[in-house]
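To start, the structure under review is shown below, and the notes come after it.
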Amino acid sequence: MKTSVTIAGVEFQNPIMEASGTFGSGMEYSEFVDLNKLGAVVTKGVANVPWPGNPTPRICEVSSGMLNAIGLQNPGVEVFCERDLKFLEQFKKAKVVVNVCGHSAEEYIEVVERLANEPRVDMLEINISCPNVKEGGIAFGQDPKAVEAITRQVKAHAKQPIVMKLSPNVTDIKVMAKAAEAGGADAISLINTLTGMKIDVERQNFVLANKTGGMSGPAVHPIAVRMVYECANAVSVPIIGMGGITTWQDAIEMMLAGATAVSVGTANFFNPTATLDILSGIEDYMVRKNIEDINSIVGIVK
């Protein structure tokens with residue numbers, strides 16, 4: 001059986017990776033998961049300088065999912081390179097996809113340029129759900145002109161292929177996918193979290209200090225599948241699908257809709273071995289269905 005997939009010239013030994021922000025940068029889960037068995041390790045968001053994140057409480061459980069308002073807390077790119085990338089050097093079989101965040105084009109570019117000559121970095125995932133401080137705080141990913149512009153700017157400075165991570169908090173996800181493609185994206189990933197809110201009825205106050213947070217988990221999966229399907233039929237670049245993937249069936253569903261690879265997110269919090277469990281399920285499915293090449297099922301449901 002062939003489980004390897006290729007995205008923008010980068011070959012992954014299988015289509016399973018984990019979603020940024022749910023796995024640390026690999027070190028945190030290495031006691032539970034053999035990182036060498038993953039298609040890729042996707043790191044937590046990395047900024048040009050340390051970000052403290054949002055005030056607490058910043059995470060809560062909701063029906064069939066969770067809300068988080070972590071605020072992309074991270075130690076900055078220098079600590080990331082010295083600590084996390086060095087740790088990942090021992091896992092040669094898994095590719096490394098670095099998630100990049102920023103408040104301005106200049107901040108994204110600073111990180112991208114710093115990572116340009118890091119041999120352990122195989123691909124960059126650009127988180128455009130960050131607020132654009134120069135445009136009044138609207139996320140880059142909510143304006144197609146901003147999506148195309150930031151994609152073009154990052155692409156001009158990146159040595160590695162770039163994946164633009166799309167926000168689902170838009171009217172038409174296809175417009176954003178086309179904008180990223182027009183800007184030169186090598187691939188797109190979706191979906192990021194959906195904006196939600198929870199109120200404590202006893203305290204009569206917001207559960208999260210930030211008031212709103214990103215909704216993820218099984219409840220968002222059908223929305224994610226729909227958006228992956230729409231984008232797969234609107235653009236020609238490869239897609240990494242994510243959003244509520246908990247089981248191998250969820251992953252296969254995402255691939256049938258058009259995703260070349262999939263990222264497992266919230267499931268890691270309640271099942272630390274979710275990624276490998278899903279990979280095992282996919283391999284069993286391939287045997288049962290006599291599928292010789294996993295790529296043959298990508299986007300076949302029309």
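Rule-based calculations on the coordinates, nothing more; no lab input. As the structure is a computational prediction, the values presented were derived from the model and not from experiment. Don't worry about glycine lacking a Cβ; one is built from the backbone with ideal geometry, like all the others, and counts go over all protein chains shown.
A compact table of results
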quantity	calculated
Difference of contour (0.36 nm per residue) and Cα-Cα distance, VAL49 to ASN169	40.5 nm
R0 of 35 Å, Cβ-Cβ distance LYS134-GLU283: FRET efficiency to nearest 0.05	0.15
Of the trypsin sites (Lys or Arg not before Pro) in segment 159-256, those whose Cβ has at most 13 other Cβ within 10 Å and which sit in DSSP loop	LYS159, ARG203, LYS211
The chain, helix-only ellipticity at 222 nm - DSSP H runs n ≥ 4, -39,500 (n - 2.57), divided by all residues, nearest 500	-7500 deg cm²/dmol
Fraction of beta bridges assigned by DSSP in segment 5-297 that are antiparallel (%, nearest 5)	40
Percent RCO, i.e. relative contact order, over segment 5-297, from Cα pairs under 8 Å lying at least 6 residues apart	19
R0 of 30 Å, Cβ-Cβ distance ASP293-LYS86: FRET efficiency to nearest 0.05	0.30
Value of relative contact order over segment 66-179, rounded to a whole percent, pairs C-alpha under 8 Å and six or more apart	24
Convex hull of segment 170-302 built on C-alpha atoms - directionally averaged projected area, nm²	9.9
Point-to-point label distance, LYS211-LYS93, nm (Cα→Cβ direction, 7 Å offset)	4.9
Length gained when the stretch ALA182-LYS145 is fully extended (0.36 nm per residue, less Cα-Cα span)	12.3 nm
Which of CYS231, CYS130 has the fewest Cβ neighbours within 10 Å, and the rest in rising order	CYS130, CYS231
Over segment 23-177, volume per residue of the alpha carbon convex hull, in Å³	137
Segment MET197-MET1, extension gain: residue separation times 0.36 nm, minus the distance between their alpha carbons	66.2 nm
